[in-house]
Amino acid sequence: MRSDRKRVLYYPDRRQDLYYGERYGLHAERGIVDFALEAGWVLTSVSDHGGHLAPALLPAAASRFEGIITLTPQPGSIIGKLIKSAAVPIVDLFDAEGEINLPKVLTDERAIGRVGADHLINQGIEHLAYFKADESKETLTRARGFEEQVKSRGRNLHRFDLAAAGLSVLDRSADRERVPWLADQLLRVPRPLGVMIQNDTLYWHIIEACTLASLHIPSDIAVISVGNIESLCELSEPTLTSVNPNHYLLGYEAAGVLDQLMNGASAPDAPLYVPPGHVEIRESTDIYAVHDETLRAVLQFMRENYQDPLLSVQDIVKASGKSRRHLYSIFEHDWQRPIADTLAELRVQESKRLLATTHLKLHAVAVQSGFSSASRMSRAFSKYVGVTPGNFRLENSPAAGLAKALLSH
């Protein structure tokens, strides 16, 4: 057995992880494990699957490890005592202010809020709301990003704030009151309404409130969430559109930063942020909220057929049954984007998803996204994303910029 293998401890604070399990959980741990395998670490992962703490994890044994990855611990907890007594590099995955100040690698919650707002706005929705269930720093930051983006794009902002109404999800005595309150709020605002909820576990509140208020998802209320938990998103009815928070990359990059620290690099002065992944589009936002029936039908036709590389603007005009001039005028006045740009954006969105989640070669990504060639996809990326497809994949894959940023610090 190699004697030079680094020994690393991964210890999430269960008090945090149980409530925010969808945020870290197995995806972040998988990222840490994959980096550990590549780096040859000896990794002790304490995910607390019902077992007892081993003696090796007691504060007296802090010298056993050369590095630790954790969630912001309470000073009096076992992991808090361990960290206080450990003279080794530590990386924290949780954005909370505590008595123990640690280098942090964090999910970019503000960017997640912006991504959610953009998706709803791109469906043509004019009225948008953030459904906030608690006052955690993560929630407030995500809501701020959402609200900033709604305002910057000139849409109408509404707020559904359970905590402000005295109905926080952390207050179990208010369980019976939340759905009726939310149903009443949904009936008070203009529709169609786009709602971003802070995580997938809250979707049932929206479903039940819509049922109580005789509203429909997505025609009355379009919903986007965060977490992309398949067991919640795929099995709900309607299925739930959700932002992938990139927790795998969070874990992988945190491990990369820890590796650099264990090799002598200086700790960063500020947190390092991991960008969100793609939006997994499902039935809850399957709507184009536009008044013109022709425009709505054409947009739906484009969504259903954009992956055909042979689909052209001429084909779209022909399918609409309208003249080119008339259809161009509708897009200009009611959609504010040309037909060609709308088609290209659909294809770019799909190619971004494939680049971030598969190992397909660029040509295969291009064809499956509706581009006739990799070069056409590259030109579209330059115009709409500002980077090449290769660079986008690099920036949204493990071992992307965070460890490099630490090295250059």
(request) Calculate the spin-label point distance for GLU177 paired with ARG376, positioning each point 7 Å from the Cα along the beta-carbon direction, and give it in nanometres. (result) 5.8
(message) Using only Cα atoms and rounding to the nearest 10 degrees, what angle (0 to 90) does helix 175-188 make with the longest principal axis of the chain?
(response) 30
(request) At 7 Å along the Cα-to-beta-carbon direction for both ARG5 and GLU208, put a label point, then send me their distance in nm to one decimal. (result) 4.8
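Which shape class, rounded, prolate or oblate, goes with the chain when its Cα gyration tensor gives a ≥ b ≥ c as root eigenvalues, a/c under 1.5 marks rounded, and past that a/b bigger than b/c marks prolate? Spell out each step's value before the answer.
Values: a/c = 2.61, a/b = 1.49, b/c = 1.76.
Oblate, because a/c is 1.5 or more while a/b does not exceed b/c.
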(request) Once you've got the GNM for the chain with C-alpha springs shorter than 10 Å, pick whichever of PHE331, PHE35, PHE94 has the biggest mean-square fluctuation. (result) PHE331
(request) Express in nm, to one decimal, how much length is gained between GLU38 and LYS322 on full extension, taking 0.36 nm for each residue of separation and deducting their alpha carbon distance. (result) 96.5 nm
(request) Considering only DSSP beta bridges where both residues belong to the range 175-295, give the percentage that are antiparallel (nearest 5). (result) 20
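Expressed in nm to one decimal, what extension gain is obtained for the pair ASN156 and ALA267 from 0.36 nm per residue of sequence separation less their Cα-Cα distance? Before the final figure, lay out each step's value.
Details: separation 111, 0.36 × 111 = 39.96 nm, distance 4.18 nm.
Length gained between ASN156 and ALA267: 35.8 nm.
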(message) Compute the angle between helix 203-212 and the longest alpha-carbon principal axis of the chain, please, reported from 0 to 90 degrees and rounded to the nearest 10.
(response) 40
(request) Identify which of TYR203, TYR273, TYR384 has the largest mean-square fluctuation in a Gaussian network model of the chain, with springs joining Cα atoms closer than 10 Å. (result) TYR384
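So what's the back-of-envelope 222 nm ellipticity for the chain, counting only DSSP H runs of four-plus at -39500 (n - 2.57) apiece and dividing by all residues, rounded to 500? Mind dumping the intermediate values first?
Numbers: 17 runs with 182 residues, N = 409.
Helices in the chain give a 222 nm mean residue ellipticity of -13500 deg cm²/dmol.
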(message) 7 Å from Cα along Cα→Cβ at both ARG188 and GLU234: what's the point-to-point distance in nm?
(response) 3.8
(message) In the chain, if the dipole is taken from +1 on Lys/Arg beta carbons and -1 on Asp/Glu beta carbons about the Cα centre, which of TYR10, PHE331, GLY67 is farthest to the positive end?
(response) PHE331
(request) Return the whole-Å distance between the Cα centroid of the range 148-209 and the Cα centroid of the range 314-339. (result) 36
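So if I place +1 on the C-beta of Lys and Arg and -1 on the C-beta of Asp and Glu, and nothing else carries charge, what would the dipole magnitude of the range 293-395 be about its Cα centre? I want it in debye, nearest 20.
Values: 15 positive and 10 negative charges, 44 e Å.
The calculated dipole for the range 293-395 is roughly 220 debye.
Just so you know, all these numbers are worked out from the coordinates, no wet-lab data involved. Keep in mind that what you see is a predicted model, and the values were worked out from it rather than measured. Neighbour counts are summed over all protein chains in view; Cβ atoms, including those assigned to glycine, are modelled from backbone coordinates with ideal geometry.
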